[in-house]
Amino acid sequence: MTGPLQLTFVTSAVDAKTLPNSPAEVAVVGRSNVGKSSLINALANHKQLARVSKTPGRTQLINL
């Protein structure tokens, strides 16, 4: 296995109309509180890249 992914926060968007153009996208999809943000943080070896909360529904924006 290689080292952590080189990920950086770009922006947050309320809907798809405000997303910047990009050649490739990856979506992490799942129910509330299943660990989507924790997965992103683990892959990047960064504790605060994606916000994590014990309260369901905390991530309401599209984060790039």
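Since every read-out is calculated from the coordinates, none of them should be taken as a lab result. Being a predicted model, the structure only gives us computed values, none of them experimental. FYI the Cβ positions are ideal-geometry reconstructions off the backbone, even for glycines, and counts take in every protein chain you see.
Computed on the chain, the Cα convex hull volume stands at 105 Å³ per residue.
In terms of the mean number of neighbouring beta-carbon atoms within 10 Å, the peptides 12-19, 39-46 order highest first as 39-46, 12-19. Look at the alpha carbon pairs under 8 Å that are at least 6 residues apart: their mean separation over the length of the chain gives a relative contact order of 50 percent.
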